[in-house]
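Contents: one structure, followed by commentary.
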Amino acid sequence: MPVSVIRRCRRSGVRVAHVRADARTLLRALQEDRAELAVSLVDDAEIHRLNHDYRGKDRPTDVLAFAMREGERIAGDETVLGDVVISLETAARHAHRRRVSDADEVRALLIHGILHLLGYDHERSPAEARRMKAMERRLRALLERREK
């Protein structure tokens, strides 16, 4: 399963190898063993531009997901899942407020982004938000067990 992680911003405590390993574990757990995924670790300026250009929101955000399995498809792209873009600066602020490590916050955002790529959408309805939150908890527990 091809997983590429591109680091366009530095942040201590967040290791590309760990993000890649987490992504592979998550894809296996979600029965997406053959999926192609790209993860970009960026700063607030870059995610702000993306959020503005693609969602019309004029502010940075923590994570964006660009699903490739929506809309018109072309033959041969069945394995392409999409891109998850995570702002390390926003993640660090959230981590500080929640009193968790930057790596833990990035892990939570990776889970959230991958679920969006697979069609989960907490903004669709309260029931969908509960379904997504429950799956996030299950996947988080899986990653925590793997660490031990």
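The values are calculated or read from the model by the stated rules, or taken from the named source; none is laboratory data. Note that the structure is predicted; figures quoted are calculated from it, not measured. So basically every Cβ, Gly included, is an ideal-geometry build from the backbone, and we count neighbours across all protein chains shown.
Quick notes on this one:
- A search for C-beta distances below 9 Å between a residue of the stretch 122-148 that is farther than 16 Å from residue 105 by Cβ and any residue that is surrounded by 14 or more Cβ atoms within 10 Å (Cβ to Cβ) and polar (S, T, N, Q), counting only pairs 6+ apart in sequence or on different chains, returns 142/25; 146/25.
- Test: residue in the stretch 87-100 that is under 16 Å from residue 22 (Cα atoms), in contact (Cβ under 8 Å) with a residue 12 or more places away in the chain and either buried (at least 20 other Cβ atoms within 10 Å of the Cβ) or of a type in the set (S, T, N, Q) (or both): no
- Residues (of a type in the set (Gly, Ala, Ser) and either closer than 20 Å to residue 69 by Cα or not in a loop (DSSP other than H, G, I, E, B) (or both)) located in the stretch 104-143: 108, 113, 119, 127, 129, 134, 141
- In the stretch 40-68, the residue that is surrounded by the fewest Cβ atoms within 10 Å (Cβ to Cβ) out of those that are under 30 Å from residue 145 (Cβ atoms) and among the small types (Gly, Ala, Ser) is 67.
- Remark: residue 37 matches the filter, which requires a residue to be in contact with a Pro (Cβ under 8 Å, 6 or more places away or on another chain), crowded, with 16+ Cβ neighbours inside 10 Å and either under 17 Å from residue 117 (Cα atoms) or modelled with pLDDT under 95 (or both).
- The listed residue being of a type outside the set (Gly, Ala, Ser) and closer than 19 Å to residue 21 by Cα, out of 137, 131, 55, 49: 137
- Residue list for the stretch 103-139, filter: over 17 Å from residue 84 (Cα atoms) and either surrounded by 15 or more Cβ atoms within 10 Å (Cβ to Cβ) or among the acidic types (Asp, Glu) (or both): 123, 128, 131, 135
- Residue 4 falls short on exactly one of the conditions (1) of a type outside the set (D, E, K, R); (2) surrounded by 15 or more Cβ atoms within 10 Å (Cβ to Cβ); (3) over 17 Å from residue 91 (Cα atoms), and that condition is (2).
- Residue in the stretch 43-57 that is of a type in the set (Ser, Thr, Tyr), under 21 Å from residue 123 (Cα atoms) and at pLDDT below 95 present: yes
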